[in-house]
């Protein structure tokens, strides 16, 4: 009697983890000479962007608000619009979220949800 074979018996087992890079497959990024990224390790602030990024606790609270489906979908609208819609529907969204959104309304990291860069 023949023993049943698994589909994995036909293919070699691959180790999980970082795959070895083959030469020429990935092009290294060219370094810009004289840029401020070379000197300090971070990109210079863009014109029109807020000077101070919000703290990580605030961003984590806003991520949790985005991931809570109790307040409805958040694609195509700002976080404040979503908060106001949830309030109008009687869903009792957290008030610290609204306060943070009003305080940092000029910062796009705070204004838009996690998925604002993805097309609808």
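Need a quick list: helices (runs of 4 or more DSSP H) entirely within the range 45-120 having at least 3 residues that are within 14 Å of the chain's Cα centre (by Cα).
Values: elements: 56-67, 79-88, 95-103, 108-111.
By residue number, 56-67, 108-111.
State all residues of the range 76-108 that are touching a helix residue (DSSP H, G or I) at 6+ places or on another chain (Cβ under 9 Å), in contact (Cβ under 8 Å) with a residue 12 or more places away in the chain and surrounded by fewer than 14 Cβ atoms within 10 Å (Cβ to Cβ); if no residue qualifies, say none.
Within the range 76-108, 89, 91, 96, 102, 105 meet the criteria.
Would you check if there is a residue in the range 31-43 being surrounded by 11 or more Cβ atoms within 10 Å (Cβ to Cβ), under 23 Å from the mean Cα position of the chain (by Cα) and either part of a helix (DSSP H, G or I) or modelled with pLDDT of 85 or more (or both)?
So the first thing to find is which residues in the range 31-43 are surrounded by 11 or more Cβ atoms within 10 Å (Cβ to Cβ), and the list is 35-37.
Next, from what is left, pick out any that are under 23 Å from the mean Cα position of the chain (by Cα): 37.
Still in the list and also either part of a helix (DSSP H, G or I) or modelled with pLDDT of 85 or more (or both): 37.
Yes, because at least one residue in the range 31-43 is surrounded by 11 or more Cβ atoms within 10 Å (Cβ to Cβ), under 23 Å from the mean Cα position of the chain (by Cα) and either part of a helix (DSSP H, G or I) or modelled with pLDDT of 85 or more (or both).
The values are calculated or read from the model by the stated rules, or taken from the named source; none is laboratory data. Note that the coordinates shown come from a computational prediction; the quantities given were computed from them, not determined experimentally. All Cβ positions, even for glycine, are placed from backbone atoms using ideal geometry, and neighbour counts span all protein chains on display.
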